[in-house]
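Just below is one structure, and these are the notes that go with it.
The values are calculated or read from the model by the stated rules, or taken from the named source; none is laboratory data. What you see is a predicted model, and the numbers here were worked out from it, not measured in a lab. Cβ coordinates were reconstructed from backbone atoms using ideal geometry, including for glycine residues, and neighbour counts include every protein chain displayed.
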Amino acid sequence: MDSNLVLGYQQEYAVQQGVYESLHRDMMVGFGHWDFDPMELENPFLDRQGSVHVWQGVEDGMVPVILQRYIANKLPWIQYHELPNAGHLFAYAESSVKDAILNALLTGD
């Protein structure tokens, strides 16, 4: 399967209402009020064998790297990946980043 095709579709879907609307919704989630404490989330996998992948651009100006590191450290079922020289919209980055993400998701790395 062509990773550019899959990620291209996901990119298109994520911003179907426009890039700025997508960023606005990201900010609403990041800075809005939640009805629960995300740090109290339990492992969502019944067999505790799965993981949630979090991809973080080191140059992200909206979500601080230190925050994602903290969350990944507190929730052991999160598999944390940092992308050097990538920002908040790293999905629009070069194809090597997309390939690395797709590979990790397909292989469980």
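Structure notes:
- Count of segment 23-49 residues which are modelled with pLDDT of 85 or more and closer than 22 Å to ALA100 by Cβ: 0
- Among the residues making up segment 55-80, those that are surrounded by fewer than 15 Cβ atoms within 10 Å (Cβ to Cβ) and out of contact with any Asp or Glu (no Cβ under 9 Å at 6 or more places or on another chain) are GLU59, GLY61, PRO64, ILE66, LEU67, TYR70, ASN73, LYS74, PRO76.
- Of the set (1) modelled with pLDDT under 75; (2) surrounded by 12 or more Cβ atoms within 10 Å (Cβ to Cβ); (3) of a type outside the set (Lys, Arg), all apply to GLU94 but (2).
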